[in-house]
Amino acid sequence: QVHIVESGGGLVQPGGSLRLACAASGSFFSIFIIGWYRQAPGKQRELVATISSGGSTDYADSVKGRFTISRDNAKNTVDLQMNSLKPEDTAVYYCNARRVGYSYWGQGTQVTVSS
């Protein structure tokens, strides 16, 4: 069992930055693929970024060059550094940990980009 808690969301002006944190409890965190997803009002949840157990990363086209995902397996954490934020980045951001046969979600953290 893996318990996930996201933090770091808030209100930021366009062009600003936020750093989201995903903290996980439980064993074998290092073998999970970790993904950050987001869901805006009235829209489907979408994948933002992923990081593999080995540290390989992948990003949605909409955030490439602006967001950076990183992990610290010793601390069981995955961060999402978000720069040059846009109003369209406004959403609830969720952390997901998955491996074959397992998928765990956090409760989400709200990010609002507005002047």
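The values are calculated or read from the model by the stated rules, or taken from the named source; none is laboratory data. This structure is a prediction, so every number in the text was calculated from the model and none was measured. Cβ atoms come from the backbone with ideal geometry, glycine included; neighbour counts cover every protein chain shown. Keep in mind that these areas ignore ligands, DNA and RNA; they rest on the heavy atoms of the full protein, side chains included. Shrake-Rupley method; radii C 1.70, N 1.55, O 1.52, S 1.80 Å.
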Could you pull out the residue among S7, S56 that is closer than 17 Å to G106 by Cβ and loosely packed, with under 14 Cβ neighbours inside 10 Å? S7
Condition check: surrounded by 17 or more Cβ atoms within 10 Å (Cβ to Cβ) and more than 18 Å from G16 (Cβ to Cβ). Does V78 satisfy that? yes
Exactly one of V100, V48 is surrounded by fewer than 21 Cβ atoms within 10 Å (Cβ to Cβ), closer than 26 Å to Q1 by Cβ and among the β-branched types (V, I, T), and that one is V100
Exactly one of (1) surrounded by 15 or more Cβ atoms within 10 Å (Cβ to Cβ); (2) free of Cβ contacts under 8 Å to residues at least 60 places away in the same chain is unmet by V113. Its number? (2)
Quick one: is V63 open to solvent by less than 40 Å² (accessible area, probe 1.4 Å) and in contact with a Lys or Arg (Cβ under 7 Å, 6 or more places away or on another chain)? no
Single residue of G16, G55, G65, G35 found to be in contact (Cβ under 8 Å) with a residue 40 or more places away in the chain, assigned to a loop (DSSP other than H, G, I, E, B) and in contact with a strand residue (DSSP E or B) (Cβ under 9 Å, 6 or more places away or on another chain): G16
Output yes when any residue across the range 19-38 is within 27 Å of G54 (Cβ to Cβ), touching a Lys or Arg at 6+ places or on another chain (Cβ under 9 Å) and among the basic types (K, R), and no when none is. yes
Within the range 10-40, can you find the residues that are open to solvent by less than 50 Å² (accessible area, probe 1.4 Å) and on the phi > 0 side of the Ramachandran plot? G10, G26
Picking from L47, L80, which residue would you name as being within 12 Å of the chain's Cα centre (by Cα) and without any contact (Cβ under 8 Å) to a residue 24 or more places away in the chain? L47
